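Structure first, commentary second.
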Amino acid sequence: MLEYSNIGIFGKMNSGKSTLMNLLTQQETSIADATPGTTADVKMSLMEIHGLGPTRLFDTAGVDEPDVLGEKKRAKTLQLIKECDLVLVVIDPSTSNFTYENEIIGMARELDKQVVIIFNLFNPFDDDVIVQCKEKLLAGILIPVFSLVAVDVTFRQPLIDFILANFEPDFKPMPLLPFVDANKYYVLIIPMDEETPDGRFLRPQALAMEYITRNWAFPVAYRLDLSKARGAVNESNTEKERFQRFINSFTDKPHAIITDSQAIDIMSRWVSDDILLTTFSVMMINYTSKGRLAEFYNGVKALETLKTGDKVLIAEACNHSRVNEDIGTVQIPAIISKRFPGVVVEHNFGREFQSNSSLEKYKLIIHCGGCMISHQKLQARLRDLRQVGVPVTNYGIFLSWVQGIAALEKVVNPWLFQK
Ligand SMILES: Nc1nc2c(ncn2[C@@H]2O[C@H](COP(=O)(O)OP(=O)(O)OP(=O)(O)O)[C@@H](O)[C@H]2O)c(=O)[nH]1
Ligand code: SF4
Ligand SMILES: [Mg+2]
């Protein structure tokens with residue numbers, strides 16, 4: 001899977017942020033204009049920077065815009081700092097008050113982000129002015145500084161060289177399925193119904209297929225009829241026999257089964273203990289969080305202390321079309337209202353997460369697999385939740401917990417307790 005570095009351009013209005021974005025992308029990605037507040041929202045551009053690899057470049061609104069609208073833009077801009085690997089602070093050296101720049105730098109440093117300062121020289125300045133600016137900017141803190149003229153394209157390559165010299169991308173390799181061994185079989189349980197999209201696997205299924213194949217192992221997809229498996233005894237037995245015939249048809253037993261979380265109630269009963277069992281949702285959250293599955297596993301314990309009036313937030317990281325038996329809007333709320341009557345369920349859909357102050361009211365966050373968001377976005381969410389002390393778990397872990405402690409331990413075992 002492609003790893004991107006997130007580089008954000010921050011600063012006051014009219015400092016030349018959009019011009020810098022356009023300089024880097026070599027086209028008019030953002031509107032640059034002398035009107036203060038031209039950029040109203042975060043603007044993202046994907047690009048490949050030679051030597052740096054795939055990059056998400058973000059242009060932002062100026063943080064010094066007054067009034068209510070300015071405050072909204074500012075909140076969104078500051079929120080983005082959390083998702084950046086590198087923060088570029090653009091400064092017009094003729095400016096004399098660095099309160100806003102210092103705020104950005106302070107916040108970025110607090111969040112352990114890499115920071116560089118770009119002086120955009122609207123007019124020729126002598127070195128003294130730059131030296132004075134540096135002194136006013138968080139005195140004593142060493143931050144790499146570069147001066148350029150953003151409207152002059154000859155500064156593009158020197159700027160890129162400066163970024164390459166001063167930025168270390170975080171490309172910690174993260175195996176999708178660390179327990180996969182060459183020459184072993186891996187079964188993917190894929191229940192399909194009339195709502196399942198034609199002509200393609202879902203992203204986590206396709207990623208698992210690709211990963212297993214790339215690692216010289218053998219992925220095998222199995223379509224489970226969930227309604228039969230959960231149906232009347234006769235039907236359920238027939239479906240179970242079909243599954244067992246399938247498993248017994250392997251000369252070498254499958255090493256692991258990765259199931260759709262919705263089928264964990266069936267799979268936790270049907271899969272014997274000599275085969276590893278986990279879910280796509282657990283796989284994805286471990287991958288996107290860069291190996292922080294233990295946090296989601298520990299978070300599920302918060303369910304044991306839920307009481308009437310407590311609030312639980314179900315967080316879905318994208319706005320996919322929701323079908324009748326949707327996990328986040330139907331299945332999990334139904335389980336919660338049955339197991340924990342009086343507990344209030346709320347939802348957060350899409351890429352934007354709630355502010356810390358509104359997260360505080362929840363006793364637990366139940367997060368989806370996060371297969372459509374960047375690891376930086378998920379890490380930012382986890383950081384916010386740690387800050388407000390709210391535990392987080394995940395769909396796959398929650399649905400396994402519902403089946404009992406044995407099922408829960410089984411699905412996290414391949415990650416937390418294997419090699
Ligand atoms: N002469 C000169 N003009 C510049 C330079 N950089 C930007 N400008 C101009 O300054 C104005 C503001 O630049 P923008 O890139 O829109 O500034 P911004 O920081 O994105 O501003 P907001 O979106 O309002 O926050 C535009 O008219 C640019 O053409 C520069 O290096 N030299
Ligand atoms: S990001 Fe979350 S809600 Fe969207 S498809 Fe992936 S798991 Fe489902
Ligand atoms: Mg702009």
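I need the Debye-formula profile for region 287-402: one equal scatterer per C-alpha, no solvent, reported as log10 I(q)/I(0) at q = 0.11, 0.14, 0.19, 0.22 1/Å, two decimals. The calculated log intensity ratios at q = 0.11, 0.14, 0.19, 0.22 Å⁻¹ are -0.31, -0.52, -1.01, -1.40. For LYS253, the lysines whose Cα comes closer than 28 Å to its Cα, not counting residues fewer than 8 places off in the same chain, are LYS184, LYS228, LYS240, LYS410, LYS419.
Straight-distance candidates among the lysines for linking to LYS311, with alpha-carbon spacing under 22 Å and chain neighbours fewer than 8 residues away dropped: LYS301, LYS338, LYS361, LYS363.
When a/c reaches 1.5 or more, the comparison of a/b and b/c decides; with that in mind, is region 5-166 rounded, prolate or oblate per its Cα gyration tensor?
It is rounded, given that a/c, with a ≥ b ≥ c, falls under 1.5.
Each listed q (0.07, 0.09, 0.12 Å⁻¹) maps to a log10 I(q)/I(0) for the chain from the Debye sum over equal C-alpha point scatterers, namely -0.42, -0.66, -1.00. In order along region 175-192, the phi-based Karplus estimate (6.51 cos²θ - 1.76 cosθ + 1.60, θ = phi - 60°) of 3J(HN,Hα) comes to x, 5, 10, x, 8, 6, 10, 4, 6, 10, 9, 10, 9, 9, 8, 10, x, 10 Hz; Gly and Pro are listed as x. Converting phi to 3J(HN,Hα) with the Karplus coefficients 6.51, -1.76 and 1.60 and the offset θ = phi - 60°, region 234-241 yields 4, 4, 4, 5, 4, 5, 5, 4 Hz in sequence order, with x at every glycine or proline. Annotation for region 184-233 versus region 123-174: alpha-carbon center distance of 49 Å. Straight-line reach from LYS136: taking Cα to Cα under 15 Å and skipping same-chain neighbours fewer than 8 places apart, the aspartates and glutamates in range are ASP92, GLU101, GLU103, ASP127, ASP128. Per-residue extension of 0.36 nm, minus the Cα-Cα distance of LEU164 and LEU416, leaves a gain of 87.2 nm for this segment.
Using only helices, what value at 222 nm comes out for the chain when you add -39,500 (n - 2.57) per DSSP H run of length 4 or more and divide by the total residues, to the nearest 500 deg cm²/dmol? Taken over the chain, the calculation gives -10500 deg cm²/dmol. The distance from the alpha carbon centre of region 318-395 to that of region 243-283 is 27 Å, rounded to a whole number.
Bear in mind that the values in this text are calculations on the coordinates, not laboratory data. The model shown is predicted, which means the values in this text are computed figures rather than measured ones.
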